[in-house]
1. Residue under question is Ile61, and the condition is that it be touching a residue at least 24 places away in the same chain (Cβ under 8 Å) and outside any helix (DSSP H, G or I); does it hold?
2. What's the number of the only condition in (1) in contact (Cβ under 8 Å) with a residue 60 or more places away in the chain; (2) more than 23 Å from Ile114 (Cβ to Cβ) that Ile73 fails to meet?
3. Six or more apart or on different chains, Cβ atoms under 7 Å: show the pairs whose first residue is in segment 96-124 and over 24 Å from Ile51 (Cβ atoms) and of a type in the set (A, V, I, L, M, F, W, C) and whose second is assigned to a helix (DSSP H, G or I) and at pLDDT below 95.
4. Just one of the numbered conditions (1) among the hydrophobic types (A, V, I, L, M, F, W, C); (2) surrounded by fewer than 17 Cβ atoms within 10 Å (Cβ to Cβ); (3) closer than 23 Å to Arg28 by Cβ; (4) at pLDDT below 95 is not true of Ala85; which one?
5. Within segment 24-43, identify whether any single residue is over 15 Å from the mean Cα position of the chain (by Cα) and part of a helix (DSSP H, G or I), and answer yes or no.
6. Considering only segment 43-57, state which residues are among the β-branched types (Val, Ile, Thr) and either in contact with a Ser or Thr (Cβ under 6 Å, 6 or more places away or on another chain) or surrounded by 15 or more Cβ atoms within 10 Å (Cβ to Cβ) (or both).
7. Among the residues of segment 64-72, are any acidic (Asp, Glu), modelled with pLDDT of 95 or more and assigned to a helix (DSSP H, G or I)?
8. Please find, within segment 63-74, the residue that is nearest to the chain's Cα centre (by Cα) out of those that are surrounded by 13 or more Cβ atoms within 10 Å (Cβ to Cβ) and closer than 16 Å to Ile32 by Cβ.
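The values are calculated or read from the model by the stated rules, or taken from the named source; none is laboratory data. From a predicted model like this one, the values you see are computed outputs, not experimental measurements. Counting neighbours? That spans all protein chains shown, and the Cβs are built from the backbone with ideal geometry, glycine included.
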Amino acid sequence: MSLVSPTNFLSSLRFAIQGVRHVFKHERNFRIHTIFALFALFLAVLLRISITQWLFVITAIASVLVLEIVNSIFERLLDLVQPRAHHYVAAIKDLMAAAVVVASISALAVGLIIFLPLIILRLT
């Protein structure tokens, strides 16, 4: 007997894809981050970055997108519980937004460190 049946795995995968569709459809910031992620992936292919650089780029992209999803989850949960009525709710939402901003700035730094020297090298 296998630990995970193919049917259960496919059902779980379908639910996950529905979640990605939902966040893409309803969250403007997720769409913006996705556009930047696609641009970074395009640059990575164009500039033929190393395997190690790919790992950093993918980790940076995943961090931002995952935190954006977690931020959306927290916002929805908090709106169900106490829609901005308590100062803790506002603080939690602000902290989650701050986490996304920190990840985004870090991802930008990773992108600049990896791509800028390669772009400068190509232009000279």
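1. no
2. Going through (1) in contact (Cβ under 8 Å) with a residue 60 or more places away in the chain; (2) more than 23 Å from Ile114 (Cβ to Cβ) one by one, Ile73 breaks only (1).
3. Met96/Phe74
4. Here Ala85 clears every test but (3).
5. Among the residues of segment 24-43, at least one is over 15 Å from the mean Cα position of the chain (by Cα) and part of a helix (DSSP H, G or I), which makes the answer yes.
6. Ile49, Val57
7. Checked segment 64-72: at least one residue is acidic (Asp, Glu), modelled with pLDDT of 95 or more and assigned to a helix (DSSP H, G or I).
8. Applying the filter and picking the extreme gives Leu65.
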